[in-house]
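Note sheet for the following structure.
The values are calculated or read from the model by the stated rules, or taken from the named source; none is laboratory data. All figures in this text were calculated on a predicted structure; none of them were measured in a lab. Cβ sites come from the backbone with ideal geometry, for glycine too, and all protein chains shown count toward neighbours. Please note that ligands, DNA and RNA were not included when accessible areas were found on the heavy atoms of the full protein model with its side chains. Shrake-Rupley method; radii C 1.70, N 1.55, O 1.52, S 1.80 Å.
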Amino acid sequence: MNKNIPKNKDQNLISKVRASFEKPADSAGILQGVRSLRKGRPHTRTILFPSPKNGGHFIGCDGSLEPEMALVLELKRMVKQYRGQPIELPGPHGRNIIPDFAINFGDGFAIIDVKPKARLSSQRVKERMHHIRKILAEVRIPHYIFTEEELCKKPFHQIRHQLK
């Protein structure tokens with residue numbers, strides 16, 4: 001654990017993740033994260049994903065890869081709950097980072113980012129993902145990055161898309 005970061009800061013991060021699962025749905029049944037998705041972002045598709053694992057509430061998803069990730073999280077038995085845009089973390093140059101998903105396994109948490117594979121070659125994205133992974137490792141929260149290769153080319157996704 002990094003000795004430069006006070007222990008209470010570590011507990012604060014874990015508390016933020018835990019609080020993201022305690023936040024109730026809004027009046028429309030949407031489990032909002034720290035960034036409101038209902039207004040949408042320019043040139044980005046926003047989808048409300050219905051989630052039985054999250055009490056039948058909706059999870060807001062940006063773009064085309066986040067709904068695919070939400071489907072994977074619904075199908076994974078080890079995942080008890082998940083939230084979209086759950087917390088805000090300090091970025092490497094002062095600009096905050098908002099991860100795409102937090103997962104509650106029942107006995108621990110994990111954070112997931114979903115990125116197009118082409119964006120992972122960007123120096124800025126590499127730096128931000130390395131930074132977030134370092135912060136989360138200090139409190140023993142794993143960080144995973146998924147791309148369209150993992151999300152859209154698995155057999156159950158191919159079958160699902162053929163049946164649409």
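Would you be able to tell me the number of residues in the stretch 4-52 that are open to solvent by 40 Å² or more (accessible area, probe 1.4 Å), more than 15 Å from the chain's Cα centre (by Cα) and at pLDDT 85 or above? Count: 10. Of all residues in the stretch 76-112, those that are open to solvent by less than 10 Å² (accessible area, probe 1.4 Å), without any contact (Cβ under 8 Å) to a residue 40 or more places away in the chain and small (Gly, Ala, Ser) total 1.
Pairs meeting the criteria (first residue in the stretch 121-142 and touching a residue at least 40 places away in the same chain (Cβ under 8 Å), second residue hydrophobic (A, V, I, L, M, F, W, C) and in a helix (DSSP H, G or I), beta carbons under 7 Å, at least 6 apart or on different chains) are Val139/Leu13; Val139/Ile14; Ile141/Val17.
Val72 satisfies every condition listed in (1) within 15 Å of the chain's Cα centre (by Cα); (2) open to solvent by 40 Å² or more (accessible area, probe 1.4 Å); (3) more than 17 Å from Arg35 (Cβ to Cβ) except (2). Could you please find all residues in the stretch 57-86 being in a loop (DSSP other than H, G, I, E, B), within 13 Å of Lys23 (Cβ to Cβ) and not polar (S, T, N, Q)? Of everything in the stretch 57-86, just one residue is in a loop (DSSP other than H, G, I, E, B), within 13 Å of Lys23 (Cβ to Cβ) and not polar (S, T, N, Q), namely Pro86.
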